[in-house]
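The values are calculated or read from the model by the stated rules, or taken from the named source; none is laboratory data. None of these values were measured; they are calculated from a predicted model. Quick reminder, even Gly has a Cβ in these numbers, built from the backbone with ideal geometry, and neighbours come from all protein chains shown. Note: accessible area is taken over every heavy atom of the protein model, side chains too, but ligands, DNA and RNA are not part of it. Shrake-Rupley method; radii C 1.70, N 1.55, O 1.52, S 1.80 Å.
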Amino acid sequence: MKLGPPLTSWLQFIATALAYVLAAAAALQLTIPPGYASPFYPAAGIALACALVWGVRGPPAAGLAAWGLN
């Protein structure tokens with residue numbers, strides 16, 4: 001079964017947002033006291049990779065996920 005372009009776009013959006021939230025939540029557990037910065041933040045790499053692979057469809061998903069996580 002071949003998925004149509006609109007469904008594929010939504011699946012990419014959801015996958016990007018979910019991967020970003022999981023990576024960011026894990027990184028926020030590693031914050032240096034008093035909790036302002038994390039020395040390791042893989043969510044930024046996920047956002048960059050999605051922007052490079054999917055073009056303009058990647059950053060809105062990462063931005064929405066970052067907004068929701070904070």
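With loop defined by DSSP as not H, G, I, E or B, and exposure as at most 13 other Cβ atoms within 10 Å, which is the longest segment of the chain clear of exposed chymotrypsin sites (Phe, Trp or Tyr not before Pro)?
1-35
Of all the accessible heavy-atom surface of the chain, with the other protein chains kept in place and a 1.4 Å probe, what percent is carbon and sulfur?
Working: 3680 of 4930 Å².
Heavy-atom surface of the chain belonging to carbon and sulfur, 1.4 Å probe: 75 percent.
For the chain, set up a GNM with springs between Cα atoms under 10 Å and report which of P59, P34, P42 has the largest fluctuation.
P34
Select from the chain the helices, each a whole stretch of DSSP H, whose alpha-carbon atoms run 24 Å or more along the helix axis and whose Kyte-Doolittle mean is at least 1.6; answer none if there are none.
none
Per residue, how large is the accessible surface of the chain? Use a 1.4 angstrom probe and give square angstrom. Before the final figure, lay out each step's value.
Details: 4930 Å² over 70 residues.
That works out to 70 Å² for each residue.
In deg cm²/dmol and to the nearest 500, what is the mean residue ellipticity at 222 nm of the chain if only DSSP H runs of at least 4 residues count, each as -39500 (n - 2.57), divided by the residue total?
Here the helix-only value at 222 nm equals -23500 deg cm²/dmol.
Which distance in nm do the two modelled labels at S38 and L52 give, with both placed 7 Å along the Cα-to-Cβ direction?
For S38 paired with L52, the spin-label model returns 2.0 nm.
Taking 0.36 nm per residue of separation and subtracting the Cα-Cα distance, what length does fully extending A26 through L69 add?
My answer for the length gained is 14.3 nm.
What percentages, rounded to whole numbers, describe P(r) for the chain computed over all alpha carbon pairs with 10 Å bin width beginning at zero?
Spelled out per bin, shortest first, that is 21, 46, 23, 7, 2, 0.
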